[in-house]
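The values are calculated or read from the model by the stated rules, or taken from the named source; none is laboratory data. Small disclaimer: the values here were computed from a predicted structure and weren't measured. Glycine gets a Cβ as well: all are built from the backbone with ideal geometry, and neighbour counts include every protein chain shown. Just so you know, the surface numbers come from the protein's heavy atoms only, side chains and all, with ligands and any DNA or RNA stripped out. Shrake-Rupley method; radii C 1.70, N 1.55, O 1.52, S 1.80 Å.
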Amino acid sequence: MTQPVEKILVAFKSVPDPYEAAAPGDSGSTAKSVINPFDEIAIEEALRIRERGETSEIVGVTIGPSSIDEQVRAAMAMGVDRAIRIDDARLLDPYAVARILRGVIEKEAPQLVLMGKQAVDDDSNQVGQMLAGLLGWPQATFVSKIELLDNRTRARCTRETDAGLEVIDVNLPAIITADLRLNEPRYVSLPGLIKARKKPIDVQTCQQLGVIVEPLTRLSSTARPARRSAGTRVESVAELVIKLKEEAKVL
Amino acid sequence: MDFSWSDQQRELLDAVSRFGREQLTYEVIENDRNAVFNHDAWKKCGEFGIQGLLVPTEYGGLGQDPLTTVAALERLGYACKDNGLLFSINAHMWTAVIPLVFNGTEAQKRKFLPGLCDGTLIGGNAMSEPNSGSDAFALATTATRAGDKYILNGSKIFCTNGPIADMLVVFANVDKSRGQDGITAFLVEKGAPGFDPSHKIEKMGVRTSPMAEVFFENCEVPAENLLGKEGGGAFLFTRSMTWERGCILASAVGSMQRLLEKCIRYANERKQGGQSIGKYQLVASKIVDMKLRVESARHILYHYGWVAGHRKAVYLEAAMTKLHLADAWVKCAEDAIQIHGGYGYMTEYEVERELRDAIGAKLYSGTSEIQRNIIASLIGL
Ligand SMILES: Cc1cc2nc3c(=O)[nH]c(=O)nc-3n(C[C@H](O)[C@H](O)[C@H](O)COP(=O)(O)OP(=O)(O)OC[C@H]3O[C@@H](n4cnc5c(N)ncnc54)[C@H](O)[C@@H]3O)c2cc1C
């Protein structure tokens, strides 16, 4: 049954700051964290939808320990009306995340769920799809444009695919995942940040949600990729062509 | 003394770094050449919260303490190469916003501060005159009371933000016979009859910060725009200058850090005589001195910030901070050119501009000689 959008739920993840790239194996504790850039785009889109008067509420949700509260506040500083943090410090795989999010969605009953197409730390690109499957909702992934139609009961989404820009309509409620070109997120202003300190964070547990999840995958190790060996210098274009043909065999 | 950041300070400072990195890294060479002010960047800084860092929240500011404020400005100076924009912001904060916060009436604060904080209004001050610079209180501009107005006559020079300002804090004498006790501050608004701030002045550095010579010809200022008391101008000016001396070069510390990192990169990349120039002791030792200068500059700045948040009289700390930071910035920029060789002298490498931008620091808010005079008198000489 379609319902006009009244509430948008945006899921976001805290990831290591890509600008302060820590190499695998470095102790992660000192590295700064930020909202996953694609999730930030999803938050921005929700804010724009609200600014157009097409939703009345935006709820942010994330999963992690209290050390990610800074990212929760950043989401509220951007303009999310309220934020839920599911308190779980485990390393969760996409299926576990999708099942926890389903629990939150069943409780919150939003008409639209937005999130980034993937997190820049593990690059899984699965949560949105799995969540749509679990809920039996339509999904639009890799979206670069969203328009709400038919009195906000349908979303026209432009998807970036290998074949080009694909336009699909999904009935709401639906899951939409954001691609890079959907928008350019606003920055968190200092007044916003200071106001966000006063907004409470709604901390819940999986138990309270009635969701029991055990990750199906386990991280066994991470290692630095092998260093690229130094290149060789060529004296002339002719030599380069010969080497490309005979050594690299790419021509 | 404690410079360790609380979680809230760190969060705020990180947000400033990120804002600077994402919003203020535009190209500056052309703007510098053509002396163009970046209005858009000004507006963004206002919306982000920079101009209102120190202003109480009830007037649209963030109510931060001086230490957090200087550290935030340092982060901004590190991210943003447009020293002229930062100079304009500083002039606005220390010479217009601060006098309003401390001496404005409730009505004046409500009228001006929210706009001065959020980037919609630009402020500045007009003290220096053709014949009174270091000896600022010898000013010749007069103000005469006429009913519910004051009439100002005279001219001011080197007025930062003059051509773009919505309001200026102008110093004039209401009674020359009283000397310095006749000096009075007024809020002069853009468009006031007889007020002409349109004569732009070209300068060596911070060229993206507009400057004007300002004329007052029977300029009418409503009596409610008197700032502070008649005769209270000298004290008001000294207070505003003390804040300015302590804080105005906070962004320069960020700029020095940026120069230091640029020099380290260059010294590692540039090879002469079969090795990186950084391997030559003479080059390395210049960079080591630069590092020491940046660290000592940061420490004296934070020390000022901390003291300013904990006690009232900070004249000595403010003068020492201004003196030390100005010297350190100029020397850093000069050495950075030397390390970059001929490239450092060329516009494209964006080192020579830093030197041009830095040199003014030895002049404004009291020359380095004047800072030495102040320090000498405060330590019993
Ligand atoms: C970039 C820039 C921005 C500025 N912005 C503003 C502004 O917004 N508003 C404003 O009102 N003014 C502004 N000024 C003016 C600035 O405050 C003056 O230039 C400064 O106070 C010095 O005055 P002067 O230029 O008249 O030099 P002078 O006072 O004539 O000094 C000339 C030289 O004599 C030395 N000297 C003078 N008196 C003494 C003394 N007693 N003991 C030892 N040496 C002395 C000085 O140190 C200097 O070396 C700005 C200046 C610059 C460079």
Quick check: is even one residue across region B:77-84 within 14 Å of chain A (Cβ to nearest Cβ) and surrounded by fewer than 24 Cβ atoms within 10 Å (Cβ to Cβ)? yes
Give all pairs with beta carbons closer than 7 Å in which a residue from region B:353-367 that is away from chain A (no Cβ under 14 Å) meets a residue that is within 8 Å of the ligand (Cβ to nearest atom) and open to solvent by 30 Å² or more (accessible area, probe 1.4 Å); count only pairs at least 6 apart in sequence or on separate chains. B:367/B:134
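Yes or no: residue B:63 within 14 Å of another protein chain (Cβ to nearest Cβ), farther than 17 Å from residue B:244 by Cβ, out of contact with any Lys or Arg (no Cβ under 8 Å at 6 or more places or on another chain) and not in a helix (DSSP H, G or I)?
Values: within 14 Å of another protein chain (Cβ to nearest Cβ): yes; farther than 17 Å from residue B:244 by Cβ: yes; out of contact with any Lys or Arg (no Cβ under 8 Å at 6 or more places or on another chain): yes; not in a helix (DSSP H, G or I): yes.
It is true that residue B:63 is within 14 Å of another protein chain (Cβ to nearest Cβ), farther than 17 Å from residue B:244 by Cβ, out of contact with any Lys or Arg (no Cβ under 8 Å at 6 or more places or on another chain) and not in a helix (DSSP H, G or I).
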When only residues in region B:114-131 that are of a type in the set (Gly, Ala, Ser) and more than 7 Å from the ligand (Cβ to nearest atom) count, which is surrounded by the fewest Cβ atoms within 10 Å (Cβ to Cβ)? B:115
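If you scan region B:276-306, which residues turn out to be over 22 Å from residue B:257 (Cβ atoms) and assigned to a helix (DSSP H, G or I)? Before the answer, list the steps.
Step one: list which residues in region B:276-306 are over 22 Å from residue B:257 (Cβ atoms), which gives B:279-282.
Of everything in region B:276-306, those that are over 22 Å from residue B:257 (Cβ atoms) and assigned to a helix (DSSP H, G or I) turn out to be B:279, B:281, B:282.
Would you check if there is a residue in region B:216-227 being more than 14 Å from chain A (Cβ to nearest Cβ), more than 19 Å from the chain's Cα centre (by Cα), within 14 Å of the ligand (Cβ to nearest atom) and in a strand (DSSP E or B)?
To start, the set of residues in region B:216-227 that are more than 14 Å from chain A (Cβ to nearest Cβ) comprises B:216-227.
If we keep only those that are more than 19 Å from the chain's Cα centre (by Cα) as well, we get B:216-227.
Still in the running and within 14 Å of the ligand (Cβ to nearest atom): B:216.
In the following step, the residues that additionally are in a strand (DSSP E or B) were identified as B:216.
Within region B:216-227, one or more residues are more than 14 Å from chain A (Cβ to nearest Cβ), more than 19 Å from the chain's Cα centre (by Cα), within 14 Å of the ligand (Cβ to nearest atom) and in a strand (DSSP E or B).
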Count, please, the residues in region B:1-33 that happen to be under 21 Å from residue B:349 (Cα atoms) and crowded, with 16+ Cβ neighbours inside 10 Å. 5
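Identify, please: which residue in region B:139-149 is outside any strand (DSSP E or B) and surrounded by 14 or more Cβ atoms within 10 Å (Cβ to Cβ) and is, among those, farthest from the ligand (Cβ to nearest atom)?
Initially, region B:139-149 is screened for residues outside any strand (DSSP E or B), giving B:139-141, B:147-148.
Among the residues that remain, those that are also surrounded by 14 or more Cβ atoms within 10 Å (Cβ to Cβ) are: B:139-141.
Working: B:139: 9, B:140: 13, B:141: 11 Å.
The residue in question is B:140.
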Could you grab me the full set of residues in region B:35-68 that are out of contact with any helix residue (DSSP H, G or I) (no Cβ under 7 Å at 6 or more places or on another chain) and open to solvent by less than 30 Å² (accessible area, probe 1.4 Å)? none
Which of the helices (runs of 4 or more DSSP H) contained wholly in region A:155-251 include at least 3 residues that are open to solvent by less than 40 Å² (accessible area, probe 1.4 Å)? A:190-196
Selection count, region B:346-381, where residues are part of a loop (DSSP other than H, G, I, E, B) and within 16 Å of the ligand (Cβ to nearest atom): 6
Among the candidates B:315, B:343, residue that is within 19 Å of the chain's Cα centre (by Cα), more than 15 Å from the ligand (Cβ to nearest atom) and either open to solvent by 10 Å² or more (accessible area, probe 1.4 Å) or touching a residue at least 60 places away in the same chain (Cβ under 8 Å) (or both): B:315
If you take the residues of region A:172-185 that are more than 19 Å from residue A:13 (Cβ to Cβ) and among the charged types (D, E, K, R), which of them is farthest from the other protein chains (Cβ to nearest Cβ)? A:181
Could you check residue B:35 against (1) aliphatic (A, V, I, L, M); (2) within 16 Å of the ligand (Cβ to nearest atom); (3) assigned to a helix (DSSP H, G or I) and say which number it fails? (3)
Starting from region B:292-305, take each residue that is over 13 Å from residue B:249 (Cα atoms) and list its partners that are open to solvent by less than 50 Å² (accessible area, probe 1.4 Å), counting only C-beta distances under 8 angstrom and pairs at least six apart or across chains. B:293/B:256; B:293/B:328; B:293/B:332; B:296/B:328; B:303/B:317; B:303/B:321
Looking at region B:175-186, is at least one residue out of contact with any Asp or Glu (no Cβ under 7 Å at 6 or more places or on another chain), within 13 Å of the ligand (Cβ to nearest atom) and within 30 Å of residue B:83 (Cα to Cα)? yes
Taking region A:141-154 as the search range and keeping residues that are open to solvent by 70 Å² or more (accessible area, probe 1.4 Å) and in a strand (DSSP E or B), which one is farthest from the other protein chains (Cβ to nearest Cβ)? A:147
Sole residue being outside any helix (DSSP H, G or I) and more than 23 Å from residue A:172 (Cα to Cα), chosen from A:96, A:89, A:77, A:83: A:89
